[in-house]
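> The structure is given below, and queries will be raised subsequently.
The values are calculated or read from the model by the stated rules, or taken from the named source; none is laboratory data. As the structure is a prediction and not an experimental result, all values here were calculated from the model. Note: ideal-geometry Cβ built from the backbone for every residue, glycine included; neighbour counts use all protein chains shown.
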Amino acid sequence: MMTPSLLGIALLCLSAMPAAMDDGSVSVDVQQNCGSNFPKRCLVRNYEDWYGVGPYCVKYFNKPCSFADAEFACREKVTGGHLVSVHDEQANSGVNCIVMKYNYSLPRIWLGGMELFQSKKFIWTDGSVWDFKKWVPGQPDNTNNTEDCVEMNWKNLGEWNDDQCMKRKPFICAFKRHKWQQEPDN
């Protein structure tokens, strides 16, 4: 009886997963799920490798960090940078499409939301208004009073969960575009 090699099984599994593409193209799976709604490139000079989501330019970073380290990394990347805040369904979908493009197999990321001193009130690290939410049913639950930070894609794609802030996850940084920063369309 022949047994499959571990290398053969690993290669089979890898070939079945959609690959993240660094050339700016979008995988077939992301195209099917995001269609023509995939965010366009950011129109701010020197940030063309970021995407436009609502009034923000956003970029995915696949370096797992704690929530605090991710927030500080965003502040270092760009003036006015923070973890991404999400204010409507279209922005939530855009952020999720970006995540799915770059890390389809492990899509859990930090968003910029956090619970304010165990008050059951959430805020965005960029100071914007908490005017939208997309919780997984039954969340947030602040398990053992230890979950104060907001992640996306825990159980259901595009939905949110509260989690322990010290856990390490990839993240999306954002900064608000201003009219004077935008380049004219060519």
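> Suppose the filter is closer than 21 Å to Lys167 by Cα and in a loop (DSSP other than H, G, I, E, B); does Pro140 pass it?
For Pro140, the condition - closer than 21 Å to Lys167 by Cα and in a loop (DSSP other than H, G, I, E, B) - is met.
> Taking the conditions exactly as written (out of contact with any strand residue (DSSP E or B) (no Cβ under 8 Å at 6 or more places or on another chain) and either part of a loop (DSSP other than H, G, I, E, B) or not hydrophobic (A, V, I, L, M, F, W, C) (or both)), does Tyr60 satisfy them or not? Walk me through how you get there before you give the answer.
On the way: out of contact with any strand residue (DSSP E or B) (no Cβ under 8 Å at 6 or more places or on another chain): no; either part of a loop (DSSP other than H, G, I, E, B) or not hydrophobic (A, V, I, L, M, F, W, C) (or both): yes.
No, not satisfied.
> On to the next question. Got a number for residues in segment 147-173 being farther than 16 Å from Ser105 by Cα, part of a loop (DSSP other than H, G, I, E, B) and of a type in the set (S, T, N, Q)?
Matching residues across segment 147-173 total 1.
Yes/no per residue for (1) at positive phi; (2) modelled with pLDDT under 95; (3) exposed (fewer than 14 other Cβ atoms within 10 Å of the Cβ); (4) not in a loop (DSSP other than H, G, I, E, B):
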| residue | (1), (2), (3), (4) |
| --- | --- |
| Arg75 | no, no, no, yes |
| Thr79 | no, yes, yes, no |
| Ser85 | no, no, no, no |
| Tyr104 | no, yes, no, no |
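> To continue, here is another question. In the list Asn92, Asn145, which residue meets the criterion of being polar (S, T, N, Q) and either touching a Phe, Trp or Tyr at 6+ places or on another chain (Cβ under 7 Å) or surrounded by 18 or more Cβ atoms within 10 Å (Cβ to Cβ) (or both)?
The conditions single out Asn92.
> Further question: So in segment 119-138, with the set limited to residues that are polar (S, T, N, Q) and under 20 Å from Ala70 (Cβ atoms), which one is surrounded by the most Cβ atoms within 10 Å (Cβ to Cβ)?
Among them, the one singled out is Thr125.
> So is Asn37 surrounded by fewer than 16 Cβ atoms within 10 Å (Cβ to Cβ), modelled with pLDDT under 95 and in contact with a helix residue (DSSP H, G or I) (Cβ under 7 Å, 6 or more places away or on another chain) or not?
In short, yes.
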